[in-house]
Amino acid sequence: MEMLFLLDKTVIAFVAFAITLLIATYSTYAERKVAAFMQDRVGPDRAGPFGILQPLADAGKFFFKEEIIPNTSDKFLFIIGPGISMLTALMTSVVIPWGGTLQIAGRDISLQVADLNIGVLYVFAVVSLGVYGIMIGGWASNNKYSLLGAVRASSQMISYELSMGLALIALIMMTGTLSLKEIVDQQHGMNWNVFYQPFGFLLFIICAFAECNRTPFDLPECEAELVGGYHTEYSSMKLGFYMFAEYINMFISSAFMASLYFGGYNFPFMDSLGLSQNAITIIGVFVFFLKIFFFIFVFMWIRWTIPRFRYDQLMKLGWQWMIPLALLNVFVTGLVILLTGN
Amino acid sequence: MQLTNRSKVVSDKNMTAMEAAYLPAVIKGMAVTLKHFFMRPATTKYPEQTREFSEVYRGRHVLKRDEKGAERCTACGLCAVSCPAEAITMVAAERKKGEEGLYREEKYAAIYEINMLRCIFCGLCEEACPKQAIFLTKEIAPASYEREDFIWGKDRLVEGVEETKRIDITKRQDR
Ligand code: SF4
Ligand code: SF4
């Protein structure tokens, strides 16, 4: 039994890992296509039908690029930086509940690698570690642009993590649990948290943009003023890792948003269709991925719509608007819970 | 003078609460990009599709022959002198007896080369030519991986003798 359990979890972990990587790969393609469509262009369409092989070509190109490590850089940290980014980006996928439970050969298999009872906290902790990859890489490059990018990244992360946490506190006060699985299960059917916490969701998604370093908060890369930001000195697959980590983060944030606010693998009328447990689970997984794709699309949509903030505006928004508003949200939620006794 | 009626007066007045909230503007912007998402791309997929060129498009050159099929160029060098990009070089030679069918004048260009990487397709060479020997055409000088391929000699510049291989430049002449 114990062996079987380990086997299940290993398989799920590997599949989740592979899917994460696959989706991150194809996000790069989707991003270019979305950008192109929004600008009335065609986008990559040469590699394979509709350019479907473009990510492979990109990866191949990255591998064959000349690898340059600056003379004056701290070599060890320089190499380990992208690795940390990638590692932390991938670590979060463990606690995400990809689906309900499957019944195979009389056993219940939960489609989640680890149901930590502090899943939300875990994601938070790992995501905050992600900034070390950027910070270390930017510092080790020994280049003022990289350093500026890294400093911006870390201050931005700290500022926005606060309001992100506060937005989540309101949610957790409502759900009364930190386990992602339980939070998702509470949103059975159409009982999604976004209907109770629309404002919290808005705060959360804005902070998620900032945490992923996506436009309009992509100040750490900021081509216009910082050359390439923290990865100015990087080349070859190390640069690829940084970019890839960004896409994985985007995917994980989307998954996180979908499970916290949009019901994860729950879908409307899941009970009234009269389907078997397994069928519901499988449809649920698809629904969950649909939600994730939608959020990834929103990430891209925003990116190709609005320009980036100025740095002082970013800080002002973070500290003078987001945090007070998030606190207000916590307060109002608390008040409502107190008054309704629920 | 007012060119369009879309111009807006710029002012630095304070933002209204609606504008300062930022989100309505973001949503408006997102509506615009979403509209464009479903619009038809303006792209011409080049090697498979080509845009239509104007009749007097200034593309790659052609060295003309006369009605009998003799090369018109007399290697006077005026095109090379007029060329602002110094793209044309030539070596002149004297016509031998019996070559009257090949070259119209007594002096002709034994080597005539245009460097298509230097050429800016200004068309001054065709204006300078006293013999109406060189013209620009509607065709594009094709891309290549090698620099040598862009130095076009007479083999590629001179049009064919046969009626079908002649390149029509009448549209350029009655400009
Ligand atoms: S088109 Fe202009 S640049 Fe080109 S060869 Fe003629 S004169 Fe020179
Ligand atoms: S192309 Fe015309 S201008 Fe140039 S050398 Fe020949 S005859 Fe002279």
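The values are calculated or read from the model by the stated rules, or taken from the named source; none is laboratory data. Just so we're clear, the structure is a prediction, and the values are computed from it rather than from any experiment. All Cβ positions, glycine included, derive from the backbone under ideal geometry; neighbour counts span all protein chains shown. Side chains included, ligands, DNA and RNA excluded: accessible areas come from the protein's heavy atoms. Shrake-Rupley method; radii C 1.70, N 1.55, O 1.52, S 1.80 Å.
Couple of notes before you dig in:
- Neighbourhood net charge (15 Å Cβ-Cβ; Lys/Arg +1, Asp/Glu -1) for B:THR43: +4
- Partner chain coverage, peptide B:42-53 - average Cβ within 10 angstrom: 1
- Within chain A, the longest segment free of exposed loop sites, counting GluC sites (Glu not before Pro) that fall outside DSSP classes H, G, I, E and B and have at most 14 other Cβ atoms within 10 Å, spans A:68-342.
- Scattering curve values for the range A:16-104, log₁₀ I(q)/I(0), Debye with Cα scatterers, q = 0.18 Å⁻¹: -1.01
- Taking the longest Cα principal axis of chain A as reference, the axis of helix A:54-64 is set at about 40 degrees.
- Within chain A, the longest run free of exposed loop sites, counting trypsin sites (Lys or Arg not before Pro) that sit outside DSSP helix and strand states (H, G, I, E, B) and have at most 12 other Cβ atoms within 10 Å, spans A:47-309.
- Distant-in-sequence amide H partners of B:TYR103 (H built 1.01 Å from N, under 5 Å): B:GLU71
- Tilt relative to chain A, helix A:144-175 - C-alpha long axis, 0 to 90 degrees, to 10: 10
- On a per residue basis, the protein assembly as shown carries 55 Å² of accessible surface, using protein heavy atoms and a 1.4 Å probe.
- With K and R counted +1 and D and E -1, the other residues having a Cβ less than 13 Å from that of A:GLY51 yield a net charge of +2.
- Taking amide H as placed 1.01 Å from N in the peptide plane, the amide H of B:VAL158 sits under 5 Å from that of B:LEU63, each at least 5 places away or on another chain.
- Compactness of the range A:168-324 - radius of gyration and Dmax, Cα, Å: 18.2, 58
- Local electrostatic count at A:LEU147 - Lys and Arg +1, Asp and Glu -1, tallied over other residues with Cβ under 14 Å: -2
- Each Lys and Arg contributes +1 and each Asp and Glu -1, all at the Cβ; summed about the Cα centre of chain A, the dipole is approximately 440 debye.
- For the options A:MET270, A:MET300, A:MET243, a Gaussian network treatment of chain A with springs between C-alpha atoms closer than 10 Å singles out A:MET270 as fluctuating the most.
- Centroid-to-centroid separation of the range B:62-93 and the range A:76-155 [C-alpha atoms, Å]: 68
- Interface residues, the range A:165-202 - accessible area loss of 10 Å² or more versus chain alone, probe 1.4 Å: A:LEU202
- Across B:ARG72, B:ARG118, B:ARG40, mean-square fluctuation computed from a Gaussian network of chain B (C-alpha pairs under 10 Å connected) peaks at B:ARG40.
- Computed from protein heavy atoms with a 1.4 Å probe, the total accessible area buried between B and A is close to 1500 Å².
- Neighbouring partner chain Cβ atoms per residue of A:285-294, average, 10 Å criterion: 0
- Peptide A:295-301 is shielded by partner chain Cβ atoms: per residue, an average of 1 of them sit within 10 Å of its Cβ.
- Protein accessible area in the protein assembly as shown, 1.4 Å probe - carbon and sulfur %: 64
- Expressed as a fraction of 2.2 N^0.38 Å, the C-alpha radius of gyration for the protein assembly as shown is 1.38.
- Over chain A, relative contact order from alpha-carbon pairs under 8 Å, at least 6 apart, %: 23
- Angle in degrees between helix B:23-37 and the longest Cα principal axis of chain B, rounded to the nearest 10: 40
- Whole-Hz couplings from phi, Karplus 6.51/-1.76/1.60, listed for the range A:266-274; x for Gly and Pro: 7, 9, x, 6, 5, 8, 7, 7, x
- Under the Debye formula (equal points on every Cα, no solvent term), log10 I(q)/I(0) of the range B:61-173 at q = 0.13, 0.15, 0.19, 0.21 Å⁻¹: -0.47, -0.63, -1.02, -1.23
- Listing of the range B:6-34 residues, each with accessible area lower by at least 20 Å² in the full protein assembly than in the chain alone (probe 1.4 Å): B:TYR22, B:LEU23, B:VAL26, B:MET30, B:THR33, B:LEU34
- Solvent-accessible surface, computed for protein heavy atoms with a probe of 1.4 Å, shrinks by 30 Å² or more for the following residues of the range A:16-53 when the other protein chains are added to the isolated chain: A:PHE37, A:MET38, A:ASP40, A:VAL42, A:ARG46.
- Spatial separation of Cα centroids for the range A:269-342 and the range A:180-196, in angstrom: 12
- Spatial offset of the range A:42-59 relative to the range B:141-173 amounts to 34 Å, using the alpha carbon center of each.
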